[in-house]
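Some notes on the structure that comes next.
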Amino acid sequence: MPATNLLAGKVAIITGGTTGIGRAICLGFLAQGCSVAVNHLDLEKDRSHLDSLISEAAQLKESNPLAGTLAHLPGDVRDPATGTALVAFALSSFSSPRLDICVSNAGICTFAEFLDIDQALLEKTFRTNLDGAFYVVQAAARQMARNQTPTGGSIIGVSSISALVGGGGQTHYTPTKAGVTSLMQSTAVALGKYGIRCNALLPGTIRTQLNEEDLRDEEKRKYMEGRIPLGRTGEPRDLAGPAVFLACEELSGYVTGAQLLVDGGLFVNLQ
């Protein structure tokens with residue numbers, strides 16, 4: 001029987017939560033009884049994703065009264081105020097004195113040749129992927145450490161296999177993901193005394209809007225799948241279970257500062 005209600009009564013925030021991996025983690029948390037406030041940029045081109053997430057969350061609630069509640073708030077993670085606002089919004093929306101889980105997921109990846117990368121692309125990537133992660137993690141940690149009793153919580157940074165391997169078209173991206181992994185290691189040390197666990201999820205090749213154009217190349221897709229021991233590229237839902245594991249105190253209460261690869265075995269096959 002599948003595990004149920006692993007996050008019953010918990011409150012979470014997720015950045016970049018309407019598409020891709022963030023969306024899948026959101027739905028996984030909701031199914032386990034966790035109420036989730038997701039952050040998004042409120043772009044017109046993403047409106048259909050937000051609408052379908054709201055609809056899917058409502059269907060979950062209808063079929064399972066114990067499922068969590070969804071709320072959403074626009075905001076750009078590059079702005080330090082966004083993380084603080086998202087925390088306050090979650091507590092207010094769910095009438096909760098506690099924030100239990102933070103998933104720093106928002107990120108961008110535009111493939112580009114190293115010699116052609118300009119300052120604008122470099123700064124946008126670093127400020128979104130790394131600065132944004134720092135700000136939201138800090139905002140969540142302040143709530144978990146200073147504004148709730150007992151203190152504690154789970155913080156999950158969505159890094160990437162790219163934190164461990166190079167990418168010729170990702171020279172501006174891979175350092176940010178290495179930075180997210182390092183951020184989780186350092187915050188695990190800094191926040192352990194408050195009972196806050198900080199861990200990194202490292203997805204491998206996952207089919208999301210970030211790489212859909214790249215994976216349209218049939219030859220490239222087959223080549224990539226050939227390097228993955230499990231024989232397929234990942235789906236966003238493959239990250240939901242690992243995120244639930246890291247969020248659940250009963251399952252991972254002694255896990256902090258860890259890096260969890262979710263890559264179908266790709267990394268070990270590259271060694």
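The values are calculated or read from the model by the stated rules, or taken from the named source; none is laboratory data. Since the structure is predicted, the reported quantities are computational estimates derived from the model, not experimental observations. As a convention, Cβ positions derive from the backbone with ideal geometry for all residues, glycine included, and neighbour counts pool all protein chains shown.
Which members of segment 8-25 meet the condition of being part of a loop (DSSP other than H, G, I, E, B) and either among the charged types (D, E, K, R) or closer than 18 Å to A133 by Cα (or both)?
K10, T15, G16, G17, T18, T19
Taken together, L201, L251, L246 contain a single residue that is of a type in the set (A, V, I, L, M, F, W, C) and out of contact with any strand residue (DSSP E or B) (no Cβ under 6 Å at 6 or more places or on another chain), which is L251. Identify all residues within segment 162-212 that are among the β-branched types (V, I, T) and part of a helix (DSSP H, G or I); write none if there are none. T174, T176, V180, T181, T187, V189, listed by residue number. Scanning segment 141-155 for residues that are aliphatic (A, V, I, L, M) and either in contact with a helix residue (DSSP H, G or I) (Cβ under 6 Å, 6 or more places away or on another chain) or under 17 Å from Y254 (Cβ atoms) (or both) returns A141, A145, I155. Selection of segment 225-266 for residues being farther than 24 Å from Q32 by Cα and among the basic types (K, R) yields R227, R232. Applying the selection to segment 151-181, what residues are over 21 Å from T205 (Cα atoms) and not aliphatic (A, V, I, L, M)? If the condition is that a residue be over 21 Å from T205 (Cα atoms) and not aliphatic (A, V, I, L, M), then T151, G152, G153, S154 are the ones that fit. Which of the residues that make up segment 221-265 are hydroxyl-bearing (S, T, Y), farther than 22 Å from A3 by Cα and either in contact with a Cys (Cβ under 8 Å, 6 or more places away or on another chain) or assigned to a helix (DSSP H, G or I) (or both)? Correct list: Y223, T256. Taking segment 21-32 as the range and being surrounded by 24 or more Cβ atoms within 10 Å (Cβ to Cβ) and either over 21 Å from G152 (Cα atoms) or acidic (D, E) (or both) as the test, the residues that pass are I21, G22, R23. Can you tell me how many residues within segment 1-18 are out of contact with any Lys or Arg (no Cβ under 9 Å at 6 or more places or on another chain), buried (at least 24 other Cβ atoms within 10 Å of the Cβ) and of a type in the set (V, I, T)? Total meeting the criteria: 3. Mind listing whichever residues of segment 129-161 are of a type in the set (V, I, T) and more than 13 Å from the chain's Cα centre (by Cα)? Those that are of a type in the set (V, I, T) and more than 13 Å from the chain's Cα centre (by Cα): T149, T151, I161.
Filtering segment 26-59 to residues that are assigned to a helix (DSSP H, G or I) and β-branched (V, I, T) leaves only I54.
Report yes if some residue within segment 73-95 is among the acidic types (D, E), touching a helix residue (DSSP H, G or I) at 6+ places or on another chain (Cβ under 9 Å) and at pLDDT 95 or above; otherwise report no.
yes
If I filter segment 164-176 down to residues being crowded, with 17+ Cβ neighbours inside 10 Å and touching a residue at least 60 places away in the same chain (Cβ under 8 Å), which single residue comes out as nearest to L260 (Cα to Cα)? The selected residue is L164.
Quick one: is L230 touching a Phe, Trp or Tyr at 6+ places or on another chain (Cβ under 9 Å) and surrounded by fewer than 16 Cβ atoms within 10 Å (Cβ to Cβ)? Criteria not met by L230. Tell me, which residue of segment 48-79 that is over 11 Å from L30 (Cα atoms) and acidic (D, E) is farthest from the chain's Cα centre (by Cα)? Applying the filter and picking the extreme gives E62.
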